[in-house]
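Here's the structure, in structure tokens; my notes come after.
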Ligand SMILES: [Cu+2]
């Protein structure tokens, strides 16, 4: 998850993700809206835009890693770019077909609610999926993926939660990374629903943000560090109901093709900031399971868009396939049986190699949104 401080700088794995600010804004979009972000300000050059495809070009002029978000009501994420390191410019392309009130946010240090600003979208626009059959098919195909993953997520989380509640610690520990596979594959979808993500996947750091520490990672801490607590069962029940809530909403979610493209990139940013650093599963060290799942989810979104990318930029598709295969090769080196080595068993060289492969994949994946918005 992304609203929680990620230790982007530990173990020397500071990743400089490829800048996509070198590309020129598409003519049709009437140019990008410049966003100047620093450690205490988030200046958005225009606070309104016509409905349709909206492009933001975010430059981090501060000293901390930042993120940029466009929110709809209820903090539903319309789009986000993460991991914007100081000096970097990155673009966010979103499709907003409904006029109304939205909010922009920069999150210096990648934490908290961020520096918010009002953003108005005027008029209404036709949805891309209503005018382009290939884009419509892409979103339907991804929708099927989300549905199948949510079904497995509910099943596996139920097994995990039952083991916790029965006090079967070893069984619960074995099920923890398995249940999370389905969660990590579709996490950007959860983020599009608003505040559900921190409840399910927040780290202990959420306490500093005034939230309760619940969900998978709270149970992870109980299982690996503190032992089951008097309220572990209640936390387990809550996790189960949050997951069921998510799965229910996932059935009817309507994603735009750009959300697929942005989600594919977000998942890789999650790998860079959360998994390669060992930050996410800090008690169990099962980060490579999450890593694998984030890459799977990213590839599923790219695969759904495949016919569109192939038609518009066949060369990009070749590069994507090559870089996904390269990440697979690096990751599979650390496979042990059905699972993976623990994060603590990796050498610095292993981590560096993984970071570089993810970095090299992030570059072409960040171009998918440009191609989809064409
Ligand atoms: Cu996560």
#### Entry: Residue within the stretch 286-300 that is modelled with pLDDT of 95 or more, outside any helix (DSSP H, G or I), touching a helix residue (DSSP H, G or I) at 6+ places or on another chain (Cβ under 9 Å) and within 15 Å of the ligand (Cβ to nearest atom) present
yes
### Query
Pick from 327, 336, 308: which is more than 21 Å from residue 90 (Cα to Cα), crowded, with 22+ Cβ neighbours inside 10 Å, over 15 Å from the mean Cα position of the chain (by Cα) and free of Cβ contacts under 8 Å to residues at least 60 places away in the same chain?
327
### Query
Is the stretch 277-284 home to any residue that is in contact (Cβ under 8 Å) with a residue 24 or more places away in the chain, farther than 14 Å from residue 358 by Cβ, within 16 Å of the ligand (Cβ to nearest atom) and surrounded by fewer than 20 Cβ atoms within 10 Å (Cβ to Cβ)?
yes
### Query
Looking at (1) assigned to a loop (DSSP other than H, G, I, E, B); (2) more than 22 Å from the chain's Cα centre (by Cα); (3) more than 22 Å from residue 252 (Cβ to Cβ), which is the one condition that is false for residue 126?
(3)
### Evaluation of residue 261 against (1) part of a helix (DSSP H, G or I); (2) under 28 Å from residue 52 (Cβ atoms); (3) at pLDDT below 95 (one fails), failing number
(3)
#### Entry: Count of residues meeting criterion [assigned to a strand (DSSP E or B) and either at negative phi or touching a helix residue (DSSP H, G or I) at 6+ places or on another chain (Cβ under 6 Å) (or both)] in the stretch 80-110
19
### Task
Give the stretch 69-87 a look and list any residue that's closer than 21 Å to residue 367 by Cβ, over 13 Å from the mean Cα position of the chain (by Cα) and crowded, with 20+ Cβ neighbours inside 10 Å, or say none.
70, 84
### Sole exception among (1) touching a strand residue (DSSP E or B) at 6+ places or on another chain (Cβ under 8 Å); (2) surrounded by fewer than 21 Cβ atoms within 10 Å (Cβ to Cβ); (3) at pLDDT 95 or above for residue 227, by number
(1)
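The values are calculated or read from the model by the stated rules, or taken from the named source; none is laboratory data. Being a predicted model, the structure only gives us computed values, none of them experimental. Cβ coordinates were reconstructed from backbone atoms using ideal geometry, including for glycine residues, and neighbour counts include every protein chain displayed.
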